[in-house]
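Engineer: Submitted below is the structure of interest, expressed as structure tokens.
The values are calculated or read from the model by the stated rules, or taken from the named source; none is laboratory data. Owing to the predicted nature of the structure, the values given are computational and were not obtained by experimental measurement. Note that we place each Cβ from the backbone using ideal geometry, even for glycine, and neighbour counts take in every protein chain shown. Accessible surface areas use protein heavy atoms only, side chains included; no ligands, DNA or RNA. Shrake-Rupley method; radii C 1.70, N 1.55, O 1.52, S 1.80 Å.
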Amino acid sequence: MSPLFDLTSTNSQEQVRPTPGGLETEQLIDELVAIQDGLARDPKESWLSFIDEAVASLGKGQRAALCRRMGFQPRAFNAWLQRQDRVSIGAIVRVCSALGCGARRVFGEEPRHLSSLVPQQRAGARRVRHDENVRSLSARLLHQAVSQNAPPSLRDVASAAGVSRGYLRYWFDDQVAALTGARRRRVEHLRQARTAQRLELLRVLVTDVVASEQFPGRKLIESAARRHGFSLLDEGMLEIYRRIVADLLQAGRSLEEDTSNETR
């Protein structure tokens, strides 16, 4: 069974704070430590089950609605329910505190009865209300970003507009998808161009070694490739190297046969 939480997973952006009206942080952490050795069920499984039940019972099946009531980003639960990310102690404390729910209730030592819980906004969670001017600016910046040959990241656009990425995804989901797609295509185009350049360089390296009357062994070519900033272990390079060497050897044999026929 995996540990309930990992203290090393709490970072500077995830400070653990108590929520007014909710359970105190110290109490929650004491409970988490106390139940570590007596769990009958995998803690991650219990956590996912708890979040699922909370969404169904308190959010009426709407994850975003429950997240907003708790003062979280609308997609806060997706990291666990969709991507199966690990859970940090900070996340456990914030969710439990916002729901006024103890650790024993979450991890199965007490009946849950989640319908009796009342979600509360956690400490420090402030709703920023952006006016129409900010929304208009965000839309314009997104439109400009998508049309650029080298589109900026969503983080850069959000920073320029003075909003969060969640705000952009909420109001401009189609434009965000277009920007993401444009950046993905740009990355793929650059990857293909870099691969083509390296393949041509690899062909030149092998040809030069053969021209110097040396066998283009893997170690020799690998050493030359590394001096040019890539490796035969990069995606597809080893197979191409073998093909180039085979073609050169085949061409050499053909030349020898032609020379032999001419001397007869």
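Engineer: I'd like to verify a number: residues in the range 213-251 that are assigned to a loop (DSSP other than H, G, I, E, B), open to solvent by 60 Å² or more (accessible area, probe 1.4 Å) and free of Cβ contacts under 8 Å to residues at least 40 places away in the same chain, how many?
Structural biologist: Of the residues in that region, 5 qualify.
Engineer: With respect to Q15, is the statement that it is open to solvent by 50 Å² or more (accessible area, probe 1.4 Å) and modelled with pLDDT of 80 or more true?
Structural biologist: It is false that Q15 is open to solvent by 50 Å² or more (accessible area, probe 1.4 Å) and modelled with pLDDT of 80 or more.
Engineer: Which ones in the range 43-71 are of a type in the set (S, T, N, Q) and assigned to a helix (DSSP H, G or I)?
Structural biologist: S46, S49, S57 - these are the residues of the range 43-71 that are of a type in the set (S, T, N, Q) and assigned to a helix (DSSP H, G or I).
Engineer: Looking at this structure, is E200 free of Cβ contacts under 8 Å to residues at least 40 places away in the same chain, farther than 30 Å from P151 by Cβ and among the acidic types (D, E)?
Structural biologist: no
Engineer: Mind listing whichever residues of the range 187-212 are surrounded by 11 or more Cβ atoms within 10 Å (Cβ to Cβ) and within 23 Å of A251 (Cα to Cα)?
Structural biologist: Within the range 187-212, R198, L199, L201, L202, R203, V204, L205, V206, T207, D208, V209, V210 qualify.
Engineer: In the range 207-245, which residue that is closer than 24 Å to R194 by Cβ and small (G, A, S) is modelled with the lowest pLDDT?
Structural biologist: Within the range 207-245, the match that is modelled with the lowest pLDDT is G236.
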